[in-house]
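Structure first, then comments.
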Amino acid sequence: KTEEKESDLPKSDLLYYKDHYTKNFDGKVIWSKNNGDNSEIILDKTCFYPEGGGQPADKGFFTKNGSTFPVKRVYKQNGSVIHVVEGDLKKGDMVYGEIDWDRRYMLMKHHTGTHVVNGALRKVLGEHVWQAGSQLHITDARFDFSHYEPLNEEKIEEIENLANDFIQQKIDVEKKIMDR
């Protein structure tokens, strides 16, 4: 059996870019690969966000004819979003997908928090500060940044106070997808 080239994998319509609050959808399996107890599938459309850039993938499930297929992992391969599901789904299957909204919403808040912290860092330390990485989780987040010296307690407190003051203003978040 010849392995499919990555570039031959089909692409999904990415619903999470069209509406960040999409929680469920109906889709069709357009590619599948069975790995014993699990299937790797690509759908014609998906609202499951794949792992990447320090953000974990969405969790959730698919249902088909009353059977539930938990989503164990979602990742991108050469632009294709691949869902690893528990159970056997095949090309042509119609499924209903639903993400774990509470988990997604917490990750969204942590993502927004990284921007708030980055803004506070740049205001306190200078415009030379840039994000060097991040790792988001449900209960916490890590933010890496560039700066030429370690921070003292006074600077840390100033950054924390500035970020917290901004958050307490409860300004609505407006998300835009922009060209780089």
Worksheet item: Within segment 56-73, can you find the residues that are out of contact with any Ser or Thr (no Cβ under 8 Å at 6 or more places or on another chain), open to solvent by less than 40 Å² (accessible area, probe 1.4 Å) and either of a type outside the set (Asp, Glu) or in a strand (DSSP E or B) (or both)?
Response: PRO56, ALA57, GLY60, THR63, VAL71
Worksheet item: Mind checking which pairs have a first residue in segment 33-49 that is more than 28 Å from MET108 (Cα to Cα) and a second that is open to solvent by 60 Å² or more (accessible area, probe 1.4 Å) and not in a strand (DSSP E or B), Cβ under 7 Å, 6 or more apart or different chains?
Response: ASN34/ASP88
Item to complete: Looking only at segment 146-165, decide whether some residue is polar (S, T, N, Q) and touching a Ser or Thr at 6+ places or on another chain (Cβ under 8 Å).
Response: no
Worksheet item: Do you know which residues across segment 74-97 are buried (at least 17 other Cβ atoms within 10 Å of the Cβ), out of contact with any Leu (no Cβ under 9 Å at 6 or more places or on another chain) and either among the β-branched types (Val, Ile, Thr) or closer than 16 Å to GLN55 by Cβ (or both)?
Response: VAL74, VAL84, VAL85
Discussion item. If the requirement is being exposed (fewer than 15 other Cβ atoms within 10 Å of the Cβ), within 24 Å of the chain's Cα centre (by Cα) and either aromatic (Phe, Trp, Tyr) or modelled with pLDDT of 90 or more (or both), which of these qualifies: ASP144, ASP172, ASP100, ASP179?
Written reply: ASP144
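The values are calculated or read from the model by the stated rules, or taken from the named source; none is laboratory data. Here the structure is a predicted model, which is why all the values come from computation and not from measurement. So basically every Cβ, Gly included, is an ideal-geometry build from the backbone, and we count neighbours across all protein chains shown. For the accessible areas, the whole protein counts, side chains as well, though only heavy atoms, and no ligand, DNA or RNA atoms are used. Shrake-Rupley method; radii C 1.70, N 1.55, O 1.52, S 1.80 Å.
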